Amino acid sequence: MADDLQSRRAVFASVGAGGLALAISACSGGGTDTTANTTPDAGTPESSAPQSGAPESSAPAADGGGALAKTADIPVGGGTVFKDQKIVVTQPTEGEFKAFSALCTHKGCPVGSVEEGAIVCPCHGSKFAIADGSVTGGPADKPLAAQEIKVDGDQIMLA
Ligand code: FES
């Protein structure tokens, strides 16, 4: 009898221990699932790609072969500043074209415009005569350097 009792206790003990072990493992197994509840940001909107298919602009070069301007582009008694070429072309009298460096002799600013018969530097207000580039108003004290041009028909070209 005593042996039966002991064996039954041993069975209960082992079942109890096993049950406890099962319960622990079940709890720990179920408890590790908490990280799966995060919702991913799957809603990233599809951004429209920038349009890179702009047509190539193939505007004809204005100075193909050295042509700077047309004579009609230069007003009589005035002039036009060509910033890219750093040249100002003037037409003091009809049919007479002159060209000068567009860099002011005061501090080297590019001249900005031709107004009332004078080439005007916007930096400090120097003025130069359209006929010969001489200083008509300071602070510059040297004339604009003359530039060689050729007039062929209605085309003005750099010489
Ligand atoms: Fe032209 Fe001074 S740089 S006026």
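Numbers below:
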quantity: Test for LYS142: is it within 13 Å of the ligand (Cβ to nearest atom), modelled with pLDDT of 95 or more and surrounded by 14 or more Cβ atoms within 10 Å (Cβ to Cβ); calculated: no
quantity: Qualifying position, being surrounded by 13 or more Cβ atoms within 10 Å (Cβ to Cβ), among the hydrophobic types (A, V, I, L, M, F, W, C), within 16 Å of the ligand (Cβ to nearest atom) and under 14 Å from ILE156 (Cβ atoms), among PHE128, PHE100; calculated: PHE100
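Matching residues to (1) within 14 Å of VAL81 (Cβ to Cβ); (2) part of a loop (DSSP other than H, G, I, E, B); (3) free of Cβ contacts under 8 Å to residues at least 60 places away in the same chain:
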{"site": "THR105", "(1), (2), (3)": "no, yes, yes"}
{"site": "VAL114", "(1), (2), (3)": "yes, no, yes"}
{"site": "PRO122", "(1), (2), (3)": "yes, yes, yes"}
{"site": "GLY125", "(1), (2), (3)": "no, yes, yes"}
{"site": "PHE128", "(1), (2), (3)": "yes, no, yes"}
{"site": "ALA131", "(1), (2), (3)": "no, yes, yes"}
{"site": "ASP141", "(1), (2), (3)": "no, yes, yes"}
{"site": "LYS150", "(1), (2), (3)": "no, no, yes"}
{"site": "MET157", "(1), (2), (3)": "no, no, no"}
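The values are calculated or read from the model by the stated rules, or taken from the named source; none is laboratory data. For clarity, every value in this text was computed on a predicted model and none was experimentally measured. No Cβ is skipped: glycine too gets one built from the backbone with ideal geometry, and neighbour counts run over all protein chains shown.
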